[in-house]
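Asks: I'd like to ask some things about the structure below.
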Amino acid sequence: MKKETFRHIFPLFLFLADVVIIFSSFLLAYWVRFYSPLTVIVPVTKGIPPLSFYLYGSVFVVVVWLAVFNAYGLYKSSRPRTAFDEFYLLAKGATLGFLIVLAFTFFYRGTSYSRATLVTSWVLGIILLYGGRRIMSRVECHFMKQGYGVKKAIIAGTGEMGFSLYKRWKENPQLGYMLIGLVEAGGRLTDQTN
């Protein structure tokens, strides 16, 4: 793979990982609600619906959540790079996706989904998605340190702000910049990358 194409291909890997994680969180929520030891605390009173019913429903959940995540820019190559920003957008997107799915269950009367399962899938989804994103961030950072998907950059100015930006970019390779150096006021390039 070319080093330049990495930043365009990596969001596809995030997308595919999110598909698996959202689907898994929905199925795990089904298990937690109907088969886990927690059923002693919150007993199943209306019977256990077939798994196939929740498998079909999970497709809708995955599509809705992915559409919301895409709208929030979580699959762009210029997506948020800090852990807090990514968590915030994931939680915000998962919450909106959850509310859309919940609203749909109120209007769709073909059958009834367990609200406890939906809430559990929302909580598990946020936790698992954030964990998955942290793992993927480390993978991305590893490749960026090797020069994949980075943009070459020069910082104009050697003042306090220039050195502050230089330090931030050097300490956070996941931001995707390979520094060539700093340009001084007279136009001289100062190599600060070593």
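Asks: Separation between the Val119 and Thr82 pseudo-spin-labels, each 7 Å from Cα along Cα→Cβ, expressed in nm?
Replies: 3.2 nm
Asks: Hey, another quick one. Between Tyr108 and Leu51, what length in nm is gained on full extension when 0.36 nm per residue of separation is reduced by their alpha carbon distance?
Replies: Working: separation 57, 0.36 × 57 = 20.52 nm, distance 1.86 nm.
Between Tyr108 and Leu51, full extension yields an extra 18.7 nm.
Asks: Right, something else. How would you classify the stretch 1-93 from its alpha-carbon gyration tensor, with a ≥ b ≥ c the square roots of the eigenvalues: rounded for a/c under 1.5, else prolate if a/b is greater than b/c, otherwise oblate? The partial results should precede the final answer.
Replies: Values: a/c = 3.00, a/b = 2.33, b/c = 1.28.
In terms of gyration-tensor shape, prolate.
Asks: Then there is this: Note down, for the chain, the three equivalent ellipsoid semi-axes (square root of 5 times each alpha carbon gyration tensor eigenvalue), biggest first, whole angstrom. Walk me through the numbers before you get to the answer.
Replies: Working: eigenvalues 408, 42, 39 Å².
That gives 45, 14, 14 Å for the three semi-axes.
Asks: Right, another one. Could you run the Karplus curve 6.51 cos²θ - 1.76 cosθ + 1.60 with θ = phi - 60° over the stretch 131-136 and give me ³J(HN,Hα) per residue in whole Hz, x for Gly and Pro?
Replies: x, x, 5, 5, 5, 5
Asks: Over its Cα atoms, what ratio of radius of gyration to 2.2 N^0.38 Å does the stretch 83-137 give?
Replies: Values: Rg = 13.1 Å, N = 55, 2.2 N^0.38 = 10.1 Å.
Scaled against compact globular proteins, the figure is 1.30.
Asks: So for the chain, averaging the separation of alpha carbon pairs under 8 Å that are six or more residues apart and normalising by length, what relative contact order in percent results?
Replies: This gives 25 percent for the chain.
Asks: Along Cα→Cβ, 7 Å out, is where each label goes; now give me the distance between the ones at Leu99 and Ala156 in nm to one decimal.
Replies: So the label points at Leu99 and Ala156 sit 4.2 nm apart.
Asks: Write down the accessible area per residue of the chain in Å², having rolled a 1.4 Å probe over the full set of protein chains. All intermediate terms of the calculation are to be shown ahead of the outcome.
Replies: Details: 11330 Å² over 194 residues.
With all protein chains present, the chain gives 58 Å² per residue.
Asks: Extension gain Phe60-Met178, at 0.36 nm per residue separation less the Cα-Cα distance, in nm? Intermediate values should be presented prior to the final figure.
Replies: Details: separation 118, 0.36 × 118 = 42.48 nm, distance 4.06 nm.
Net length gain for the segment: 38.4 nm.
Asks: Once amide H atoms are placed 1.01 Å from N in the peptide plane, what residues at a sequence separation of 5 or more from Met178, or on another chain, have their amide H within under 5 Å of its amide H?
Replies: Hits under the 5 Å cutoff: Lys151, Lys152, Ala153.
Asks: For helix 6-34, what angle does its Cα long axis make with the longest principal axis of the chain, in degrees from 0 to 90 and rounded to 10?
Replies: For 6-34 against the chain, the angle is about 30 degrees.
Asks: If you plug each phi of the stretch 113-118 into the Karplus form 6.51 cos²θ - 1.76 cosθ + 1.60 with θ = phi - 60°, what whole-Hz ³J(HN,Hα) values come out, in order, with x for Gly and Pro?
Replies: Listing the rounded values in order: 8, 5, 5, 4, 5, 5 Hz.
Asks: Then there is this: Loop only per DSSP, at most 13 neighbouring Cβ atoms within 10 Å: give me the chymotrypsin sites (Phe, Trp or Tyr not before Pro) in the stretch 1-79, ordered by residue number.
Replies: Working: sites: Phe6, Phe13, Phe15, Phe23, Phe26, Tyr30, Trp31, Phe34, Tyr35, Phe53, Tyr54, Tyr56, Phe60, Trp65, Phe69, Tyr72, Tyr75; in loops: Tyr35, Tyr72, Tyr75.
When the chymotrypsin sites (Phe, Trp or Tyr not before Pro) of the stretch 1-79 are filtered for loop state and at most 13 Cβ neighbours within 10 Å, Tyr35 remain.
Asks: Please return the longest range in the chain lying between exposed loop sites, taking trypsin sites (Lys or Arg not before Pro), DSSP loop only, at most 14 other beta-carbon atoms within 10 Å, and leaving the sites out. Please list the in-between numbers first.
Replies: Working: sites that count: Lys2, Lys3, Lys46, Lys76, Arg109, Arg188.
Here the longest segment lacking exposed loop sites spans 110-187.
Asks: Please give the Cα centre distance for the stretch 10-50 versus the stretch 124-164, rounded to the nearest Å.
Replies: When both Cα centres are located, 31 Å separates them.
Asks: Multiplying the sequence separation of Ile9 and Ser36 by 0.36 nm and subtracting their Cα-Cα distance, what value in nm do you get? Walk me through the numbers before you get to the answer.
Replies: Working: separation 27, 0.36 × 27 = 9.72 nm, distance 3.82 nm.
Result for the pair: 5.9 nm of gain on full extension.
Asks: Oh, and also: Suppose R0 equals 30 Å. What FRET efficiency, 1/(1 + (r/R0)^6) with r the Cβ-Cβ distance, do Leu27 and Phe163 give to the nearest 0.05?
Replies: Numbers: r = 50 Å, r/R0 = 1.66.
So the FRET efficiency works out to roughly 0.05.
Asks: Tell me which GluC sites (Glu not before Pro) from the stretch 117-189 have a DSSP coil assignment and no more than 16 other beta carbons within 10 Å of their own. Kindly include the intermediate steps, with their values, before the conclusion.
Replies: Values: sites: Glu140, Glu160, Glu171, Glu184; in loops: Glu184.
Within the stretch 117-189, the qualifying GluC sites (Glu not before Pro) (loop, at most 16 other Cβ atoms within 10 Å) are Glu184.
Asks: Compute the distance in nm between two label points, each set 7 Å from the Cα along the Cα-to-Cβ direction, one at Met136 and one at Ala17.
Replies: My value for the distance between the label points is 0.6 nm.
The values are calculated or read from the model by the stated rules, or taken from the named source; none is laboratory data. All values derive from a computational prediction rather than experimental measurement. Cβ sites come from the backbone with ideal geometry, for glycine too, and all protein chains shown count toward neighbours. Surface areas here come from the heavy atoms of the whole protein model, side chains and all, with no ligands, DNA or RNA. Shrake-Rupley method; radii C 1.70, N 1.55, O 1.52, S 1.80 Å.
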